[in-house]
Amino acid sequence: MREFEYVAPKTVKEVINLLASYKEKATVLAGGTDVVVRLRDEIIEPEFVVDIKHVDELKGIKFDKSSGLFVGALATMHEIENDKNVKEFYPYYADACGHVGSKQVRNKATSVGNLCTASPLGDSLTPMFCLDAIVVIEGPKGKREVPVREFITFVRKTVLERDELVLGIKMPYIEGLKGIYTKNARRHEVDLSNIVATICKVNDEYRIAYGSVAPTPIRLVKTEEFLKGKKIDDKVIEEAENILESEISPISDLRATKEYRISVSKSILKNSLKALNN
Amino acid sequence: MKKIDIKFILNGEPVELTVAPNHTALRVIREQLDLTGAKEGCGAGECGACTIIVDGLAVNSCLMLAPELDGKNVLTVEGLAHDGKLTDVQQAFIDHVALQCGYCTPGFIMSTTAFLEENKKPTREEIEIALSGNLCRCTGYKRIIEAVEDVVAKRGGK
Ligand code: FES
Ligand code: FES
């Protein structure tokens, strides 16, 4: 690990001032389960590491039905998967957070960190995509809000400026929405995903988000449109599977082949649609 | 590079230390504090050999920068036994011969210790999931799981 200065500001204002003066020389540290590995491997070589864990404003998870869920930047996967409201009203998100890495990793890793890392296979991201979560950002010019689908632009790329900080994410509460999270990996626990997906149903509409099938997590809007209002039977599922295939562009890598990913994606769709209509 | 002064509780005792920010907590614990129970296996959050308990939660000390220890309550495997008496978890690993080379053992013991505070009556599956961040190249895990189940049974959880 290269040398760097470590700073641990206590307020959002201080963080932003530091980021504004250090710019690309700084790396923000939250849970560290990704950043510390990248520091160690010298993939990143910042001059300053800005540890935000002492900023109380970024802690916690809030919920009420009118404003929905707010997940602070420092909420860990462990806190989210065990949060009473998340478990009751967003069980698929609790599930997703509970499938990240190992217990030790979940005790440190944050869901907002997972978002900022912007990996195509980020385990906790597909629920955010299904709910059209809003990313709340603060910078020197004040606050702005960006829909999650616009926030991630490519593999490990986001619209976040060097002097901005994500304060948290907002997820609306949608009455009657049911969702299912599925992760396919070589090993049940700890492993990186071959495919992750969250499929939700509200009334007779579907929201379908997949990870690991494109450079960013994506919503399968054509499949959603096709399924809208349809009664789910084997024929509809088969057609939906074909549309799904046209919407995804998975690659072959050391974890799985492209063909395997397509086949698994279809199975996940089929199983989720059946379960949601039971 | 500016060194950082930190204060924390280590195995029940207050510690004050000056650390290099680009050292991990694991390195500081092993090399500055000479507590060599926590091991480095992968150094990347995969194997759990470096597991310690921070504020009641099991974490990978290889993924923690040394300054992050500031203000924390830290427990390593060296802090478990009191007056030469092992904890029930440690004893169960011995009784069940839940180790061979022993490299992974402190990590497993710390994970188990934290987990059994959080879930007092875990099923076998829950135990397996809780320990899935700890890898062992020797035992095949069976004896480790049995040791943990034994602790649960003796504590009256089953
Ligand atoms: S050494 Fe920390 S997880 Fe392997
Ligand atoms: S006893 Fe050798 S690695 Fe577990």
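Computed values, structure above
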| read-out | value |
| --- | --- |
| Chain lengthening between B:GLU40 and B:LYS2 when straightened (0.36 nm per residue, less Cα-Cα) | 11.1 nm |
| Convex hull volume per residue in cubic angstrom - Cα atoms of the range B:88-154 | 71 |
| Antiparallel %, DSSP beta bridges [both residues in chain B], to 5 | 90 |
| Spherically averaged projected area of the range A:180-276 from its Cα convex hull (nm²) | 5.9 |
| Segment B:LYS85-B:LYS120, length gained on full extension (0.36 nm per residue, minus Cα span) | 10.4 nm |
| Average beta-carbon neighbours from other chains, 10 Å sphere, peptide A:5-14 | 3 |
| Residues A:ASP234 and A:GLU3, FRET efficiency given R0 of 60 Å [Cβ-Cβ distance, rounded to 0.05] | 0.45 |
| B:HIS23 long-range amide H proximity, modeled H, under 5 Å | B:ALA66 |
| Approximate spin-label separation B:ARG155-A:LYS87, in nm, with each point projected 7 Å along Cα-to-Cβ | 1.8 |
| Once the Cα gyration tensor of the range A:58-171 is diagonalised, semi-axes √(5λ) in Å | 21, 16, 13 |
| Carbon and sulfur %, accessible surface of the range A:58-171 computed with the full protein complex present, 1.4 Å | 50 |
| Label-point gap, in nm, between A:GLU145 and A:ASP56 - each point 7 angstrom along Cα→Cβ | 2.6 |
| Of all DSSP beta bridges in the range A:1-120, antiparallel share, percent nearest 5 | 40 |
| Exposure ranking of B:MET110, B:MET1 by accessible area [1.4 Å probe, largest first] | B:MET1, B:MET110 |
| Set of the range B:137-158 residues, backbone N closer than 12 Å to the point 7 Å along the Cα-Cβ line of B:VAL97 | B:143 |
| Percentage relative contact order, the range B:88-154, counting C-alpha pairs under 8 Å, at least six apart | 54 |
| Nearest-ten-degree value, helix A:12-22 long axis tilted from longest Cα axis of chain A | 80 |
| Peptides ranked, highest mean first, by Cβ atoms within 10 Å: ranges A:17-25, A:31-39 | A:31-39, A:17-25 |
| Drop in accessible area of at least 30 Å² in the complex versus isolated chain, residues of the range A:35-76, 1.4 Å probe | A:VAL36, A:VAL37, A:ARG40 |
| Length gained when the stretch A:SER66-A:SER267 is fully extended (0.36 nm per residue, less Cα-Cα span) | 68.9 nm |
| Solvent-accessible heavy-atom area per residue, rounded to whole Å², over the range A:180-261 at 1.4 Å | 49 |
| With 10 Å bins from 0: P(r) over the range A:5-51, alpha-carbon pairs, percent | 28, 56, 16, 0 |
| The protein assembly as shown - share of DSSP beta bridges that are antiparallel (%, nearest 5) | 85 |
| Pairwise Cα inverse-distance average, inverted: Kirkwood Rh of the protein assembly as shown (Å) | 22.9 |
| Out-of-range pairs (alpha-carbon distance over 24 Å; input A:LYS59/A:LYS141; B:LYS2/B:LYS39; A:LYS59/A:LYS170; A:LYS53/A:LYS143; A:LYS274/B:LYS121) | B:LYS2/B:LYS39; A:LYS274/B:LYS121 |
| Cα convex hull of chain B, projected area averaged across orientations, nm² | 9.0 |
| For A:LEU125, solvent-accessible area (1.4 Å; no DNA, RNA or ligand), Å² | 0 |
| Whole-number percent relative contact order across the range A:180-276, with pairs defined as alpha carbons under 8 Å at least 6 apart | 25 |
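The values are calculated or read from the model by the stated rules, or taken from the named source; none is laboratory data. This is a predicted model, so every value here is computed, not measured. Using ideal geometry, Cβ is built from the backbone for each residue, glycine included, and neighbour counts are taken over all protein chains shown. Accessible surface areas use protein heavy atoms only, side chains included; no ligands, DNA or RNA. Shrake-Rupley method; radii C 1.70, N 1.55, O 1.52, S 1.80 Å.
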